[in-house]
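Readers should treat all values here as calculations from the given coordinates under stated rules, not as data from a laboratory. Only a predicted model underlies this, so the values are computations on that prediction, with no experimental measurement involved. Neighbour counts run over all protein chains shown; Cβ positions are idealised from the backbone, glycine included.
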Amino acid sequence: MRASAATRPRTLALRALLVLAPSLVAWTPANPILLLQPQSRLWVNGTSTVRAFECQATTFVADIDGTMPGAAAAVLGGEKAVREVTVRVPAAKLDCKNGTMNGHMLKALQATAHPVIEFRLTSYTVGKTADGAEGALTGTLALGGATKTITFRGTASDAGDGQLRVVGTHPLRLSEYGLKAPSLMMGTMKVNDLVTVSFDLILKG
């Protein structure tokens, strides 16, 4: 028996739903995202035979996936509410407030061949403290063509307005990545091999 004109649209809609049903069952919402806020900072401190210096990352990207809505508050409660973290820094965006120093630093980091510095989280621990949370983060750091596993400690605190502030530092030797610290002024100013990477991230989500 043929469907009447009145029932035909309803029949077609039912057929379309049956066709789409498997994909609708398989589909799940995207992971909640913790958004990096504009006031976030990432920088490198070092010393030389002449003076100390600081290089700011004027641009960087952080892709952070949570495991639940309200992940920022959950982290403050000591929960493992973060699934993935990837931070990328264009080497050319490290600004040492000195054009000559910038050029030497880019050369030392082999930025032409390896323009992006990337940290990718592989595991972490987190625990609640009186002021928020703290933990140890382990991941891979790709720098100058070499990739090493690093572990560093970080702390998290309430930044207000549903935001999470994550702060930490990590000492790093350029030679561990096969890099030679830059020298300036005909070698009279030599940058020391050991530098300190610091971050102050404001996340919302």
- Under a plain spin-label model, where a point goes 7 Å from the Cα along Cα-to-Cβ, how far apart in nm are THR140 and THR67? 2.3
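For segment 34-92, what class follows from the C-alpha gyration tensor (a ≥ b ≥ c being the square roots of its eigenvalues): rounded when a/c is under 1.5, otherwise prolate if a/b is larger than b/c, else oblate?
Working: a/c = 3.29, a/b = 2.36, b/c = 1.39.
Note, shape of segment 34-92 comes out prolate.
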- Compactness index (Cα Rg / 2.2 N^0.38 Å), segment 31-204: 1.09
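Output the pairs from LYS128/LYS180; LYS180/LYS204; LYS97/LYS128; LYS128/LYS204 with a Cα-Cα distance over 29 Å in this structure; if there are none, say none.
LYS128/LYS180; LYS180/LYS204; LYS97/LYS128
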- Task: Set the Förster radius R0 to 30 Å, insert the Cβ-Cβ distance between LYS180 and LYS80 as r into 1/(1 + (r/R0)^6), and round the FRET efficiency to 0.05.
- Result: 0.15
- LEU194 versus TYR124, label points 7 Å from Cα toward the beta carbon: distance in nm? 2.6
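What net charge do the residues around ASP131 carry, taking every other residue with its C-beta under 15 Å from that of ASP131, with Lys and Arg at +1 and Asp and Glu at -1? Show your work: numbers first, answer last.
Numbers: positive: LYS128, ARG153, ARG165; negative: GLU134, ASP158.
In short, +1.
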- What residue among THR147, THR100, GLY70 has its Cα farthest toward the positive end of the dipole of segment 64-205, where the charges are +1 on Lys, Arg and -1 on Asp, Glu, each on the Cβ? THR100
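Need the full-extension length gain, ASP158 to ASN45, defined as separation in residues times 0.36 nm minus the C-alpha distance. One decimal, nm. Provide the component values of the computation, followed by the final result.
Details: separation 113, 0.36 × 113 = 40.68 nm, distance 2.58 nm.
Contour length minus Cα-Cα distance gives 38.1 nm.
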